[in-house]
Each structure stands twice: as structure tokens, then as C-alpha cells.
Amino acid sequence: MWEEILSFIFSSLQKYKNLILYILIGLVLIISTGIQNFKFDASSDTLVLENDIYFEQYEKTNEKFGESEFLVVAVDNRKGKFDKNFLEKLQNLQLRLSSLNEVNSAISLLDAPLLEQPRVPLLQTDNNIKYFLKDDIDLSSGLKEIIESPIFNNLIVNEQGTVFAIQLDLDDSYDFGNAVQNIRSTLNSWGGDAYLAGPAMIVEDTIDFIKQDVVVFGLATFLIFTILLIFFLRDYWATFIVMANSSSVMLLSMGFLGFFDWPISIVSSNFLALLLITSIAVSVHIVVKLQSVANKSSNYISAFSEIIIPCLYTALTTIVGFGALIFSGIKPVIDFGKMMMLGVAINFLISFIFIPICVFYMPLKSNKSSGIEKIIFEFYLRVKKFMTINPMYLIFIFLPIFFYLSSNLKVENRFIDYFQSDTEIYKGMSLIDEELGGTSPIDITLKITEEENSIDEFDLFFSEGSEVPKYWWKKNNMDVLKLIHKELSKLDGVGKILSIENGIQLAEALNNSNELGDLELVFIKNTLLESDTASELIESYITKDDREVRIGIRVKDSTPNLNRNDLISQIDEIIADATKDKNYIYQVTGLGILYNNLLQSLFTSQIKSIIFVFTAIFIMLLILFRNILRSFFILLIPAFAVGSILAIMSLLKIPLDIMTITIASISVGMSVDYSIHFAWRYIKESKSNPKYDVKDFDYSIGEKNTFNLTGKAIFITGSTIILGFLILVLSNFNPTILFGVLSALAIFLSMKMTFIAMPKMLDLTIK
């Protein structure tokens, strides 16, 4: 029944090949127009869990106080002098940056008010304020004042007075990528050592590196695959069919993503490379099978009917492998899983329409003299001869060890580790971390839920219409902020801490180092903060009703052995202790929190995904092979590949992150493909040989035929895929490099174990 349906389908393809080919070409051309909407996205909402309440908190905090992410130019003057010439040069850069259409403002040391040139009493701070270059001041004493300022220290200047920051505020109406490009062009033409950095740059440079990899390595991979396939297949037409089919799959998939407005994120950045690899793998299996019946066009239909079953199941198992990512609970990982499921489905459908039509137009050449199959089979015989123990037992021994080691996988990493040390983003992040208070923001919001009774003596002091101290402008509440600042500053990895407390510290310094009482606090609130500049600044750290404040923490991402999760736990503990038994509610939020939540979910999601995918694939193998023991043996190969890779990651202390989490699914998907194709052919060849008896022969005809046909296809696809993944080591983006190396290793191990262990395991199931 099944064979008759397949025969009818392929006969129809042969009969109506012209019409179907025109329809297919038209479909590819139409859908591929969606590529113009194909885009990349690395915004904060691509780094969150499904239904993440912390993301909602993050957005609400940004609505109240403004974005906590910053963009800063770090100017390195460690080899120069702090003099008027340098300040004029700094001013020139600041003016050039301010003149860019995309930049609303650029603020630097030159905009910092000097309150001790000479000292201005607290009650007179609205007068006689001086500035660098605008007034005749002593540069050394002015710099010393800024360095010692609780507001500006480690924010716009380091403690040595050798590294300076220009804080940039961009116009949201302009494209951020173009803004970054124009800013960097300005820095390059300025003539000094200046680096652009900040949380927004981590996102932007990550996407830029990914785009470069897609273009450069996509073309390189395509070229290498073409050359290798010409070598392996010994047929230009066969190579053309494989690459044309893969190109069609890529165009259709990218077109669909464009039409659906489905952007590529950091996690799904390897979607195109993986889809190219999987499409070539399917195409090679089909072509190699057809080459075996070359010059016998009457056998093409039966060959298609035979190869479609294992290809169907490998497609289904690959879909299941990536479908397991849906259970991760991590939005970008879920999206990546859905993309791959769509791509694999398109690949299967197109491959069994396009390739048959092509060979019906022009038959393939036989490829029996390549020698590849001989090398593979001789390798197997040598291993078989010298291996006294069944490889299956080795798998049983090592699998528990592998999965035990993988339980020690770490999920911590640093943003700075994503980039090569010679890149601008790495240099900028390092400089800001070391000298200017850190690059990774975390926010704390503190809200007073109830107001305490006003102090009567102040009611007598203030005239009608004046405000009395309330909420955060009371000394007892400011003391809580002071305590929080003090305790947070003790934590390893914490750099600059910003809140209204920094302004209070400055005011206390002007008040002869005396603490401010309620009277001074209300004076600051009603007098000093009335200016537009001051009010704009204060709005970033306290709401207009004075009820809620923000404490901004900058984490030094380059801190050795930074444990983001532990740091956040320590921060939470400090806030909880400081606000205990008080009428406060607090939240710890920010991009750092979102990313940490993502990281902490990776390990548990990895376990869930692996359990699901192995269970689902085992059920599918039972349906295909109808033998429990055989299905179990076939599943051992991908289990070995996944376990070994996770163990290697654990031993080498490679963290599990948003890129490496996909390796397990890839390992399962690719290795189970090899196992299914090999087992399917091995069983059919063994059953076709009635004299088959593994005990009486050094090798059987079934073994030899399997290696000559399926083994050859596995070797060709495996070799090309491994080289394709290894091309990624040339990337400037470290997660991509790790992804390429580990994926290549997974494919290599699964291919070798298929050749070594699969025959002996299958022999136990063949009667």
C-alpha cells in the first residue's frame, strides 16, 4: 500500500515534471521576496523567559525613570597630560559628537560644576558655579574636586584622572545602527584613543558580528560544500542538484521568516547555517542513493520510494529534536526551535520534489570508483579486528560518566567573554570596567508605601504653600539609602552606584561634612533642584511624587570569576535587610537581571529538552523498526554524542549559555539521522542475504553493502558538515566559535560511533 502510493507520487512527478518545476520556481521566486523583510533583533525582549514578570518590571522601571542602559565614549589619556590642550581636544570631540543628528546631547567633564573653586556654601550653590574652560581655574585642583566627587567619580573620570567619559543621549527617532556607525566614524577621525561602549553596544556589536558571520561564512561554507561535493560525488550535475536544492530551501525559509516578521535573535543566529547543513545532508543521501542505480532510470522511482522512508523519519526526529526547545521556557530558544522545525519541514518537502524532477531531466552518473566506501569499510574492519570488547559495552560504561560530569555544567558567563580581545567593544568594555565604574546595569527600585506623620516644628517654619519634608526627603529615609550604598559598595564586581544619595553626599561635603537634617533636605528639594538641568537629572532617580527612588548599579563585567547569580542574591539580601520592618517595597531589575534569569533557566530547560527528545525519538524508532531492543541501540548513538559534548563542556569549564544550549538538540538531530539511515540500510541488506551469519564470516555482504552505500553518504555529509562548522572558528564572536567547534565534534563522534558500534549492536537484533 505504502509503496504503491509513493510509486504513484513519483510517477506523477515524472509525468508532470515541466508543470511542477515551473510552479516550484514561481513559488520560490514569490516567497523569497519576503527576504527584504528578513531582519535581526537583539533587543532586551529577545533575552527573556516566556511570561517573564521581571521583564514587565524592567519596562515599568524604564517608563518611570528612563532607560538605564547607557552609551558612553571612553577617552584614554593615560599616555598624555591633563592640561588645557587636552581639554580643548576633549571639547572638540564632544562638540563633534553633539553635532551628529542622532545625538541629543553629549556630557563630559567639561559640563561638571565646580563647587570648590572657591568653595561655595551649601545655601549659595545656586550662584558662583564654575566650569572647566569657561572659567579661570586651577586645572589640578578642579580635577581633584571631580575625582573626589561622589557623583562624578568613576562616572566621567577615573580615580587617577587619566580616563574620561562622554555620556551620550541618542535621538530615538534615528536608526541605532546608523548612529553607532556615525559615532565610530567620528571617533576614528578624531585622532585620539576613544572607544564606544555600554550595554547597548553589546547588543549592537553582537548583531553586527552575527551579520558578518552570516554573509562571510555563509558564502565560504557554500563554496567549500560545493568543492567537497564535486570531489566526493564526482558529478557536476549531482553537485548542482544538491546545492540548488539547498539554495531553494534557504530562500523559502528566509522568505517565510520575512513574511511572518520573524526576526533572527542571538540564539537563532545559527539558523541559516544549520538549515544549510541539514538540507545538504538530506540531498546527499538522496543523490548517493540515486547514483547507485545510475544508468537504470527505470529504477529511479523505486530508489526514491526506498530512500524517502528513512529521510522522512530523520526529518521527523530532527523536528522533534528542535521541537524540544519549545519546552525551554526561554523565548528566543523557543523561537529558534520553531524556526528549525519550519526549515526542516520545508527541506524535506522541497528535496523530494526538486531532486526527482532534476534527475528525471538529466540522469546522474554512477559513482562507484571514488574509493571512499573502500576506505570507510576498511576502517571498520580494522576496528572490528582489534576491538575485543563490544563497543556497546563502552557506551554503557561511559554514558553514566558523561552525564555525571555534565551535571557540573556552569551557566555563568560574562558579556565581555563574547568578544575577541582585539575588538573595539572588548577594549571599550575593559576600559570602562577598570576605570569608569562598570558596563552592566542593575536597577533597584524602592517605594515608600505609607507616609509618616509630619514634624510639627517644621510646619511652623515653612510659610503657607511651602512643602514640608516628605517621603524620601526625610533624614530617616535618606539614612536607609546611605546604608544601602555603603553595603553595596563592598560587593565584588560592583562598580559605580548612583541614586539621589550621591547628591546628598555632595551636599554634605559642602555643609562642612555635616549630615543634612530635614531642613537642609527640603531646601535642596525646593531650591537647588528647581533648575531644568537638575530636575532632568533627578527625574532619573526619583519619581515626581517623591515616593519611589531608583538605585542604579553598574557591574564590572570583566571581574574575574564573576558569578552574576550570586551577586544578584547578595544585592537582594542587602536590600531586604535594609528595608526590613519598614514601609518599603523593593524590586531588583534591569538588563542584568533579565539575562541572569535566562541563564539560570538554561540548565533545567536543557534537562527537560533532553528527556523529551529522547522519549519522543524512541517512540518514533519503535514505530519505524518495531523492535524495542533495536530502537534502544539506535538511540545510544545520539545519547553518546550529547553526553560526550556536555561532559567536555563541563571539563573545559565552557558555560552553558544562549548559544551553547542548542548544541544538544543539534547533536541529537544529526546523530540520530546517521543512526536511522545506517540501521535502515543494514537491516534491509542483512535480510536480503539469507546466508547472513555474523559468526561464520569476517564480514557479511550486508555489512559491505551498507558501508558502500549509506556509509558513504554518511561520510560525505559528515565530512562536509564538520568542515562547515569548523569555518566558524574564524569568527570574531566567541559564542559562534564555540558553537562551531563543539557541533563539529558532536558530528564527528556520532559518525564514528555509528560506523564502529552500530553493526555489532544491530547484529544482536537480527535473527
- prompt: Tell me, which residue of the stretch 645-662 that is part of a helix (DSSP H, G or I), among the β-branched types (Val, Ile, Thr) and surrounded by 22 or more Cβ atoms within 10 Å (Cβ to Cβ) is modelled with the highest pLDDT?
  reply: 645
task: Look through 594, 621 and report the one residue that is of a type outside the set (S, T, N, Q), surrounded by 17 or more Cβ atoms within 10 Å (Cβ to Cβ) and modelled with pLDDT under 85.
output: 594
message: Go through (1) out of contact with any Asp or Glu (no Cβ under 9 Å at 6 or more places or on another chain); (2) closer than 30 Å to residue 595 by Cα; (3) of a type in the set (A, V, I, L, M); (4) in contact (Cβ under 8 Å) with a residue 60 or more places away in the chain for residue 272 and report which single condition fails.
response: (4)
Residue 302 vs. criteria over 16 Å from residue 710 (Cβ atoms), touching a residue at least 24 places away in the same chain (Cβ under 8 Å), surrounded by 22 or more Cβ atoms within 10 Å (Cβ to Cβ) and more than 25 Å from the chain's Cα centre (by Cα): no
statement: A careful count of residues in the stretch 246-270 that are in a helix (DSSP H, G or I) and either aliphatic (A, V, I, L, M) or crowded, with 24+ Cβ neighbours inside 10 Å (or both) gives 12
message: Being at pLDDT below 85, of a type in the set (A, V, I, L, M, F, W, C) and in the same structural domain as residue 162 (by TED's automatic domain parsing): is that true of residue 232 here?
response: no
message: Residues to consider are 575, 568, 585, 551; find the one that is in the same structural domain as residue 436 (by TED's automatic domain parsing), part of a strand (DSSP E or B) and surrounded by 17 or more Cβ atoms within 10 Å (Cβ to Cβ).
response: 551
- prompt: Got a number for residues in the stretch 624-655 being over 15 Å from residue 392 (Cβ atoms) and not small (Gly, Ala, Ser)?
  reply: 15
- request: Quick one: which residue in 334, 326 is in a helix (DSSP H, G or I) and under 21 Å from residue 620 (Cβ atoms)?
  value: 326
field: Check on residue 431, assigned to a helix (DSSP H, G or I), out of contact with any helix residue (DSSP H, G or I) (no Cβ under 6 Å at 6 or more places or on another chain), modelled with pLDDT under 85 and not basic (Lys, Arg)
entry: no
- request: Can you work out which of the residues in the stretch 318-363 that are polar (S, T, N, Q) and at pLDDT below 85 is surrounded by the fewest Cβ atoms within 10 Å (Cβ to Cβ)?
  value: 328
Residues satisfying the stated conditions in the stretch 545-568, i.e. aliphatic (A, V, I, L, M) and more than 26 Å from residue 447 (Cβ to Cβ): 562
task: Six or more apart or on different chains, Cβ under 8 Å: which pairs go from a residue in the stretch 173-200 that's farther than 17 Å from residue 40 by Cα and of a type outside the set (A, V, I, L, M) to one that's at pLDDT below 85 and surrounded by 19 or more Cβ atoms within 10 Å (Cβ to Cβ)? Could you list them?
output: 198/70; 199/70; 199/591
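The values are calculated or read from the model by the stated rules, or taken from the named source; none is laboratory data. Model, not experiment: these values are computed from the prediction. A quick note on method: Cβ atoms are made from the backbone with ideal geometry, for glycine too, and the neighbour counts reach across all protein chains shown.
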